[in-house]
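A short worksheet on the structure shown next.
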Protein chains: 2
Amino acid sequence: ESKLPGFATHQIGVAGAVVDESNGKVLVVQDKNKTKNAWKFPGGLSDPGENIVTAVREVLEETGIRSEFRSLLSIRQQHNHPGAFGMSDIYVICRLRPLSYDIHFCTRECERCEWLSLAELARTADTTPITSRVARLLLHGLERGFESIDLAMEELPAVYSGMFYQLYHRQIPSS
Amino acid sequence: ESKLPGFATHQIGVAGAVVDESNGKVLVVQDKNKTKNAWKFPGGLSDPGENIVTAVREVLEETGIRSEFRSLLSIRQQHNHPGAFGMSDIYVICRLRPLSYDIHFCTRECERCEWLSLAELARTADTTPITSRVARLLLHGLERGFESIDLAMEELPAVYSGMFYQLYHRQIPSS
């Protein structure tokens with residue numbers, strides 16, 4: 001048996017749920033040429049070497065909204081993904097906080113882009129199951145505090161000198 | 001600009017923290033030929049097409065301990081990983097529950113394998129930073145309930161017929 005490491009097997013997609021806490025709205029898009037009338041969080045494939053927090057860049061390019069990373073919310077693993085030439089796919093949804101509010105969306109990628117109330121997104125049929133699920137998660141966070149749903153991120157030094165990695169897990173209360 | 005999807009960029013490693021709740025001990029190994037005297041959770045690279053819950057298989061092969069999947073605890077993303085030929089690496093640690101207790105470890109991979117108390121693992125210098133961190137997380141879970149640190153897993157149908165994916169996020173209280 002070979003002990004050589006295997007080849008890369010996964011592509012990583014990231015999406016950003018930009019939540020405006022002042023009014024309970026979240027930024028959503030409808031893709032062109034894909035699932036009809038389905039609201040989704042903006043995002044896309046991360047480029048090689050990019051971090052999960054690349055969601056901030058994806059959201060900016062797709063919607064014109066500037067934002068900052070707050071936490072990791074959910075992870076999906078799927079195999080034989082048609083969009084990945086049969087490879088596996090990890091799809092991560094992050095929680096972002098908006099730094100701007102005027103939408104200028106990419107008309108090449110999106111059909112529509114709006115600030116939609118989380119309550120409406122959690123209840124509409126015009127969305128995907130995973131978006132609906134995360135909308136309910138975010139609604140819970142909005143009402144009870146996001147610390148109940150967040151995975152915090154921390155950057156730590158790797159054992160290989162000069163390198164860093166990002167670690168995501170539940171915040172351990174300092175008490 | 002090409003709209004073709006990119007190639008796979010990540011390899012996925014999984015490790016299992018098998019926690020015996022009856023005595024607060026966790027299953028740890030020391031690798032052969034790697035970091036000296038560093039306790040780690042057993043694990044390895046997932047084979048193509050395998051799920052994150054492959055941690056159960058990795059733990060069995062490496063330690064002889066049978067276990068069942070309970071939750072996802074942490075995710076690390078690292079780029080230019082030396083063991084991945086410069087590709088990126090996602091390393092996931094799961095919480096497992098033991099179904100057997102007698103260790104029969106793989107002498108080709110491991111130098112040592114023991115049930116170690118979580119309190120000791122959280123405080124020893126003979127471990128890696130990420131293992132130490134997750135030991136503290138698990139200690140908190142052992143004392144206050146694992147629901148405070150767990151990401152639950154659920155299998156959902158994909159939009160492509162006949163396929164399923166695994167979704168991990170914080171449990172939403174049903175209340």
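The values are calculated or read from the model by the stated rules, or taken from the named source; none is laboratory data. Worth saying up front: this structure is predicted, and the values here are computed from it rather than measured. Positions of Cβ are backbone-derived with ideal geometry, glycine not excepted, and every protein chain shown enters the neighbour counts. Just the protein is used for accessible areas: all its heavy atoms, side chains included, with ligands, DNA and RNA removed. Shrake-Rupley method; radii C 1.70, N 1.55, O 1.52, S 1.80 Å.
Just for the stretch B:50-78: of the residues that are in a loop (DSSP other than H, G, I, E, B) and in contact with a strand residue (DSSP E or B) (Cβ under 7 Å, 6 or more places away or on another chain), which one is farthest from A:Ile52 (Cα to Cα)?
Going through the stretch B:50-78, the residues in a loop (DSSP other than H, G, I, E, B) turn out to be B:50-51, B:64-66.
Then keep just the ones that are in contact with a strand residue (DSSP E or B) (Cβ under 7 Å, 6 or more places away or on another chain); that gives B:51, B:65.
Details: B:Asn51: 20, B:Ile65: 33 Å.
If we take residues in the stretch B:50-78 being in a loop (DSSP other than H, G, I, E, B) and in contact with a strand residue (DSSP E or B) (Cβ under 7 Å, 6 or more places away or on another chain), then B:Ile65 is farthest from A:Ile52 (Cα to Cα).
Restricting attention to the stretch B:147-157, which residues are open to solvent by less than 20 Å² (accessible area, probe 1.4 Å) and more than 9 Å from chain A (Cβ to nearest Cβ)? Steps first, answer last, please.
From the stretch B:147-157, those open to solvent by less than 20 Å² (accessible area, probe 1.4 Å) are B:149, B:151; that's our starting set.
Hits for the stretch B:147-157: nothing passes.
Considering only the stretch A:27-72, state which residues are more than 14 Å from chain B (Cβ to nearest Cβ), under 23 Å from A:Tyr168 (Cα atoms) and open to solvent by less than 20 Å² (accessible area, probe 1.4 Å).
A:Pro42, A:Val59, A:Ser67
Quick one: A:Glu109 ticks every box in (1) within 7 Å of another protein chain (Cβ to nearest Cβ); (2) open to solvent by 40 Å² or more (accessible area, probe 1.4 Å); (3) in contact with a helix residue (DSSP H, G or I) (Cβ under 6 Å, 6 or more places away or on another chain) except a single one, so which number is it?
Failing condition for A:Glu109: (1).
So, B:Glu155, is that one assigned to a helix (DSSP H, G or I) and at negative phi or not?
Values: assigned to a helix (DSSP H, G or I): no; at negative phi: yes.
Here the answer is no, as B:Glu155 does not meet what is asked.
It is to be established whether one or more residues within the stretch A:100-109 are aliphatic (A, V, I, L, M), over 16 Å from the mean Cα position of the chain (by Cα) and at pLDDT below 95.
no
Of the conditions (1) farther than 30 Å from A:His79 by Cα; (2) open to solvent by less than 20 Å² (accessible area, probe 1.4 Å); (3) not in a strand (DSSP E or B), B:Ser132 satisfies every one except a single condition; which number is it?
The one condition B:Ser132 does not meet is (2).
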